[in-house]
Amino acid sequence: MTAPAPKPDLLVIDDEVQIRRLLRLTLESAGYRVREAETGALGLNEAAVARPDAVILDLSLPDLGGLEVLRHLREWSQVPVLILSVRGGETDKIAALDAGADDYLTKPFGGGELLARLRVLLRRAQPAGEVSIVRFGDVEVDFTKRTVTREGADLHLTVKEYALLRLLLQHRGKVVTHRQLLREVWGPQHEADTHYLRVHMANLRKKIEPADTPFIKTESGIGYRFTDAG
Amino acid sequence: MPEPANDLRPSPDALLAALQRDESRARRGRLKVFFGMCPGVGKTYAMLRAAREELRTGIDVLVGIVETHRRAETEALLEGLPVLPRRTFTHAGITLTEFDLEAALARRPRLILVDEFAHTNAPGSRHPKRYQDVIELLDAGLDVYTTLNVQHLESRADAVRQITGVAVRETVPDSVFELADQIELIDLTPEALRERLAEGKVYLADRAALAADNFFKDTHLTALRELALRFVAERVDKRLRELRATSPLKTVWRSGERLLVGVGPSPSSTQLIRWTRRMAAAQGAAWLAVSVEPSRPLDAEAQRRIEQNLTLARELGAEVVITRDDDIAAALVRTALQNNATQIVVGKSRSSPWLDFFRGGSLVDRLLRQSGPIDLYAVPAERAAEKPIAWLDWLPAERSPAREYGEVAVTLGVVTAACWFLTPFAGYLSVGMIYLFAMIALSLRVGRGPVLAAGVASALLWDFLFIPPLFTFAISKLEDGMMFATYFAVALAAGHLTARIRAAARHERLREERATALFHLTEALSAARTLDDAVFAALRQIDRLFAAQSALLLAGDSLTPHFAGSFAISEKERGVADWVWRNRKRAGRFTDTLPASEGFHVPLVRDDTCVGVLVVRVAPEAALTLAQRDLIESFAAQLALNVEREHLRAAGEREKLLAESEKLHRALLDAVSHELKTPLAVLSSALETLATADEATRAALLGESRTATGRLTRLVNNLLDQTRLEAGALRTRLDWCDAHDLIAAALDGVRDSLAGHPFESDVPADIPLFRADAALMEQVIANLLLNAALHTPAATPIFLTAGLDQARRRIFFTVADRGPGFPLEMRERLFQKFQRGDAARAGGLGLGLSIIRGFVVAQGGEIVVGENPGGGAVFTVYLPYEPHGNVPGE
């Protein structure tokens, strides 16, 4: 028997007291420890002092503004950050993701979804050993050999397709913005050439996805997320 | 001393060249605009012809950019003219060609042709608009020829939209148009244009073809043509007016020919009218037909013939003027001056020379004497017509008093001499009769004063020279005395009567002019579609009639000058106008109140309120007669009527709007309160029951709560989206989108709601990428699917298709259902907010479709609703499509 893992420590920065109370209820019943901060400044302070395992950050805060808090936080911490935002605030979301947020949730959200996202963030935050083989559906990706097979047969992916797939798999379960994908795969000078991304992504999907179960989920206007049961 | 080898002084040649360059730079180029009412009238054609003419005279002509639209006749004209190669560049993956401004400036021709003044340059050009290119060319000293349609004029674009219903996007500010040194109006009748259209001689871009049917309607064309003509005429008129303000109304300006034909009852007048029309058509001039009514009524037959002739003239396009005068020549000249006619056409006189002598010369002679700068045409009757009816040409013309007194003296002298020799045979009494005859004859020819003078003089002469005792003024016999007294009375009466007749004639004429002026005004006012038009027309009439400048101040919280005024109101005049406004009495010059001011101020009064002040200003040395001031007041009354009508209309509109918005608010409040309360009621009662419920009920209650929450969420989202749309806070981020991606994402969000409906989608695998705001488009598709699911019976199928409409370069998405569909009359207002389909089940504010349309339009697309063959509704979203740039394979 291994000793029970220590309860992960979470910091919620939100100015709405009801949201904080609800989050506390949801998260504590799921086995997390929860700290609260009402303003951005208090939140930054709390993050520095308590060193939480993950931060849930509302983008519309009365004092600093969520984006500002995130920038300060990222100056000295790589703690996973989950953004809460409202519908229609795509621009803010993208800015936050590009500024280093790890994922986002649009209000109103369900408790189940929140917990699922948190699980992904925390898993990623754990120093996982270098995975060399990833499987999803009937596809197997071997990062050391740089090969992709489907039902055992070799799949030929172009260099860009492979790079895209690799990037999405590395951030499995998390959203990767268009800009991040373009910068990583094509270089910073192509950050605006979304049509590259669309064309190659479409080709990649044709190769790795069965017709009815998409693994690569489109986050309209924001980016892509690799999702699968595992 | 030897010159240093590298002398830095410029050579004289280089200096000279530099000087010449500077000189030509200092000279600003001249702009000539070929102006037309709509595409296809032949502006480019006319421009090229003019350019060829210039080229022939040795001018350095260059075709900067000309759109021939592959019309053979235009292309033929282009041959032999040097053409500047177009600049080619690529924008967003499309190869575009554009006018090359840099190359044109480098090449520096004397004259450059730049077609389509209002064109919007392709992105990446130096200026966003072509007219800015043209201004730069002009500044560089190049002469420019360009073309423009009236609908592209900023001030007229609205009018064109009202006429044709086609919105004009590319406009040229009027201030830029003012730069034109020369405007050539290319005019074509609507019939001719439609013919050209039918023969395929008019090029229409794809988009224009859509609107063409509407645009090229005959009525529209006529209206557009009028708009173009009026615009040019106004411009010319403005320049003329500036001149007119300073020069007295004694001459006509040869600003465009205008013909005037004198029309009488004679059948030869018909020929005269036709002749004038031919002349006018040949000169492209306007023409007037003038009938001069004598004070003595004409017989019925003559009257009928005049009417016939005037009707003919009207049918042939003349403006008909009827004036009243006993002197035809004077009347014709007067009418010509009033209407700025440059040519008078009359029939060649067929009356006898003897009669002519008596009238002071034939009509043509008298016209010749009086017409001054006006050209005169005496046209002979083409064939011997029936004997012309003598119409009142027999009364003498008005003369100068000195001349009339001279005439009196001469006549009396001749008569006296003749009588001197006659008395020995006829006796002195018959001499009296001869004098009386001369008196009557004179009274027909000369004015009141001379007639009275003649009466007195002849009586004295008779008494002194003929009545015994001779050479005294004494009269010895009683019957001589009675004769003398009778003579004196008759002579004076004759003089007096003549004068009265003349005064009556003059009075009649004034009334006539006044009636005509008022008639023209009411005609212009009723033709005006807006108050601005009406004010403009009225003020121009005043300017023209009184050789004055006029301005109108409209009353609101204070007096505001109307832009159509022909002079700027000074502070001082403003004060007078304010007084007039407050006191509702006329003031200013020619009145007792503030007579030192420049203008004559008349209030516009309707029902005891003053709606404005009309100010008329004439030159300091000129004066307005009582009759003229009277007329101005009548004008003011007419204008007041128009202003009031406009006020009433505006008030009515406001009231209607208010009522509408109140209705809307009530509807919104009802709907929102209902929509919010229902899910809230469900939630609160469910939560209360939850505590005590058993396991099965609890699950059901949770399900209900979830549904209620979903409904609330949708409602709030919709309200927020609508607010964003209305506040203009929606910023679209257009980006390359993949239809498959979008549809998958949209389906993700609405999968639960679609559960009860069989769903089929058909999207071609090779559908190209297109530019859209992915988040908005996902919402559009999701909401359309949701709508279909909510408003159709359970288990009816829903279809989703997408594809590329290659021909019209657009991407389409369709969502079709097998529900009840929408009746035709509903489709129009379906996309307005708070409209709910009749078949809509409870739920929804009727905002969904309004938001969808808002989102689609924000992305440059459109949405239409139609009928699904076999039942149901089809919503189709169109988005503009352009291919994306190259994507590197690796």
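A short reminder: the numbers here are calculations on the coordinates, not readings from a lab. Keep in mind that what you see is a predicted model, and the values were worked out from it rather than measured. No Cβ is skipped: glycine too gets one built from the backbone with ideal geometry, and neighbour counts run over all protein chains shown.
Of the three principal axes defined by the Cα atoms of the stretch A:1-118, the extents in descending order read 47, 30, 25 Å. Once the C-beta distance of A:ALA99 and B:ASP592 is scaled by a Förster radius of 60 Å, the resulting FRET efficiency is 0.15 to the nearest 0.05. Shape analysis of the stretch B:401-504 yields a ratio of the Cα radius of gyration to the Kirkwood radius, Rg/Rh, of 0.98. A full extension of the chain between B:SER761 and B:ARG403 corresponds to an added length of 118.6 nm, given 0.36 nm per residue minus the alpha carbon distance. Here the Karplus curve 6.51 cos²θ - 1.76 cosθ + 1.60, taken at θ = phi - 60°, turns the phi angles of the stretch B:649-659 into couplings of 4, 5, 5, x, 4, 4, 4, 4, 4, 4, 4 Hz, with x standing for Gly and Pro. Note on the protein assembly as shown: antiparallel DSSP beta bridges, both residues inside, total approximately 50 percent of the bridges counted.
Straight-distance candidates among the lysines for linking to A:LYS174, with alpha-carbon spacing under 23 Å and chain neighbours fewer than 8 residues away dropped: A:LYS7, A:LYS93, A:LYS107, A:LYS160, A:LYS206, A:LYS207, A:LYS217.
Between amide H atoms placed 1.01 Å from N, distances below 5 Å from A:LEU155 occur with A:VAL148, A:THR149, A:ARG150, all of them 5 or more places distant or on a separate chain.
Extent of the stretch A:133-226 along its three principal axes (Cα atoms, max minus min coordinate, largest first): 37, 27, 21 Å. Amide H contacts of B:LYS348 (H built 1.01 Å from N, in plane; Pro and chain starts excluded): B:VAL379, B:ALA381 sit under 5 Å, all sequence-distant by 5 or more or on other chains. Under the simplified labelling scheme, the A:VAL86-A:ALA211 pair shows an inter-label distance of 4.3 nm, with each label point 7 Å from Cα along Cα→Cβ. Applying the Karplus relation 6.51 cos²θ - 1.76 cosθ + 1.60 with θ = phi - 60° to the stretch B:369-378 yields 3J(HN,Hα) values of 5, 9, 6, x, x, 7, 6, 10, 10, 9 Hz, where x marks Gly and Pro.
Exposed loop sites were defined as chymotrypsin sites (Phe, Trp or Tyr not before Pro) in DSSP loop states (anything but H, G, I, E or B) carrying at most 11 other C-beta atoms within 10 Å; in chain B the longest segment without such a site runs B:1-470. Proximity of backbone amide H atoms, modeled 1.01 Å from N, is registered between B:VAL261 and B:LEU288, B:ALA289, B:VAL290, B:VAL345 at under 5 Å, excluding neighbours fewer than 5 places apart on the same chain. Taking label positions 7 Å along the Cα-Cβ direction at both B:VAL83 and B:MET482, the computed distance is 10.5 nm, reported to one decimal.
Note on B:736-746: average number of Cβ atoms from other chains within 10 Å of each residue's Cβ is 6. Modelled this way, with points 7 Å down the Cα-to-C-beta line, the labels at B:ARG666 and B:ASP139 are 5.9 nm from one another. Taking a point 7 Å out from the Cα of B:ARG514 in the direction of its Cβ, the residues of the stretch B:536-565 whose backbone N falls within less than 16 Å of it are B:546.
Expected output is a single nm value to one decimal: the length gained when fully extending between B:GLU882 and B:ALA418, i.e. 0.36 nm times separation in residues minus the C-alpha distance. What is it?
Numbers: separation 464, 0.36 × 464 = 167.04 nm, distance 10.58 nm.
Length gained, B:GLU882 through B:ALA418: 156.5 nm.
If each residue's Cβ is checked for other Cβ atoms within 10 Å, how do B:MET777, B:MET279, B:MET47, B:MET433 rank with the fewest at the top?
Values: B:MET777 29, B:MET279 18, B:MET47 25, B:MET433 12.
Least crowded to most crowded, the residues run B:MET433, B:MET279, B:MET47, B:MET777.
Given Cβ point charges of +1 (Lys, Arg) and -1 (Asp, Glu) and nothing else, what value in debye, to the nearest 20, does the dipole of chain B about its Cα centre take?
Values: 105 positive and 112 negative charges, 528 e Å.
Dipole of chain B, to the nearest 20 debye: 2540 debye.
Annotation: extensible slack from B:ARG28 through B:THR95 equals 20.7 nm (criterion: 0.36 nm per residue apart, minus Cα-Cα distance). Remark: the protein assembly as shown is approximated by an ellipsoid whose semi-axes, taken from the C-alpha gyration tensor as √(5λ), come to 91, 37, 29 Å, largest first.
If you take the Cα centroid of the stretch B:499-531 and the Cα centroid of the stretch B:843-890, the two points sit 61 Å apart.
Normalised by 2.2 N^0.38 Å, where N counts its residues, the alpha-carbon radius of gyration of chain A equals 1.08. Karplus-derived 3J(HN,Hα) values for the stretch B:704-712, using 6.51 cos²θ - 1.76 cosθ + 1.60 with θ = phi - 60°, are 4, 4, 4, 4, 4, 5, x, 5, 4 Hz; glycine and proline are entered as x. Once you reduce the stretch B:141-193 and the stretch B:48-77 to the center of their Cα atoms, the two points are 21 Å from each other.
Given in Å, the Rg to one decimal and the Dmax to the nearest whole number for the Cα atoms of chain B are 41.3, 154.
Between B:ALA794 and B:LEU687, take the C-beta separation as r, use R0 = 22 Å, and let me know the FRET efficiency to the nearest 0.05. If you can, show how the numbers build up before the last one.
Values: r = 29 Å, r/R0 = 1.30.
Once the sixth-power term is evaluated, E becomes 0.15.
From largest to smallest, the equivalent ellipsoid semi-axes obtained for the stretch B:258-379 from the alpha-carbon gyration tensor read 21, 18, 13 Å.
Any idea what % of Cα-Cα pairs in the stretch B:40-94 are farther than 15 Å? Cα-Cα pairs of the stretch B:40-94 separated by over 15 Å account for 52 percent.
Take the alpha-carbon positions of the stretch B:528-651, form their convex hull, and give its projected area averaged over all directions (one quarter of the hull surface) in nm².
Over every viewing direction, the Cα hull of the stretch B:528-651 projects on average to 7.1 nm².
For chain A, the membrane-span-like helix rule (DSSP H, alpha carbon extent of at least 20 Å along the helix axis, mean Kyte-Doolittle at least -0.5) picks out A:111-125; this says nothing about an actual membrane.
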